Amino acid sequence: MDAGSQRVLDYLTEVEEAAEEVITTKQQIVDLDLKRNRNREALNALKHELSDSENVKVCFGNMFIEFDKSKTKGMVQKDQEQLDKEINNLRRELKTKFNHLNEIQGCVAEGET
């Protein structure tokens, strides 16, 4: 393989890796957002559908554990806060990765003209 072909192959590999990082980060955001929506639904159900004196069953892995409503609500809210932080961090990373991808693509386009 000559030097020109190798340079093109290296460029395409770099672009592919950067694009894969962008796609992976976007998918992580989607997955965490789905979990956040399920938590929001659970908080709404805890708020409106049950009396304060009732205990609720919470699924942990492959078993259910009974907790009082207020403790369950606190756990879900804490999880919700953690998900918000993770999603915000991933969005910041996504911007950086996307800018890097655009930079890679822009450098070659400028170099060829």
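Quick look at the numbers
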{"item": "Residue match in the stretch 38-46 (condition: touching a residue at least 60 places away in the same chain (Cβ under 8 Å) and under 26 Å from the mean Cα position of the chain (by Cα))", "result": "no"}
{"item": "Residues of the stretch 75-101 that turn out to be open to solvent by 100 Å² or more (accessible area, probe 1.4 Å) and in contact (Cβ under 8 Å) with a residue 24 or more places away in the chain, as a count", "result": "1"}
{"item": "Sole residue being open to solvent by less than 90 Å² (accessible area, probe 1.4 Å), part of a helix (DSSP H, G or I), touching a Leu at 6+ places or on another chain (Cβ under 8 Å) and not aliphatic (A, V, I, L, M), chosen from T24, T72", "result": "T72"}
{"item": "Pair list, Cβ under 8 Å, 6 or more apart: the stretch 1-16 residue touching a residue at least 12 places away in the same chain (Cβ under 8 Å), other residue open to solvent by 60 Å² or more (accessible area, probe 1.4 Å) and in a helix (DSSP H, G or I)", "result": "V15/Q105"}
{"item": "Of all residues in the stretch 41-54 being open to solvent by 70 Å² or more (accessible area, probe 1.4 Å) and touching a helix residue (DSSP H, G or I) at 6+ places or on another chain (Cβ under 7 Å), the one that is modelled with the highest pLDDT", "result": "E54"}
{"item": "Selection count where residues are closer than 18 Å to N102 by Cα and exposed (fewer than 11 other Cβ atoms within 10 Å of the Cβ), scope the stretch 1-15", "result": "2"}
{"item": "Count of residues meeting criterion [hydrophobic (A, V, I, L, M, F, W, C) and farther than 18 Å from E93 by Cβ] in the stretch 20-56", "result": "7"}
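Yes/no matrix, rows are residues, columns are (1) touching a Pro at 6+ places or on another chain (Cβ under 8 Å); (2) of a type in the set (F, W, Y); (3) part of a helix (DSSP H, G or I):
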residue: Y11; (1), (2), (3): no, yes, yes
residue: A19; (1), (2), (3): no, no, yes
residue: V30; (1), (2), (3): no, no, yes
residue: K35; (1), (2), (3): no, no, yes
residue: R40; (1), (2), (3): no, no, yes
residue: N44; (1), (2), (3): no, no, yes
residue: K57; (1), (2), (3): no, no, no
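The values are calculated or read from the model by the stated rules, or taken from the named source; none is laboratory data. Owing to the predicted nature of the structure, the values given are computational and were not obtained by experimental measurement. In this analysis, Cβ positions are derived from the backbone assuming ideal geometry, glycine residues included, and neighbour counts consider all displayed protein chains. For the accessible areas, the whole protein counts, side chains as well, though only heavy atoms, and no ligand, DNA or RNA atoms are used. Shrake-Rupley method; radii C 1.70, N 1.55, O 1.52, S 1.80 Å.
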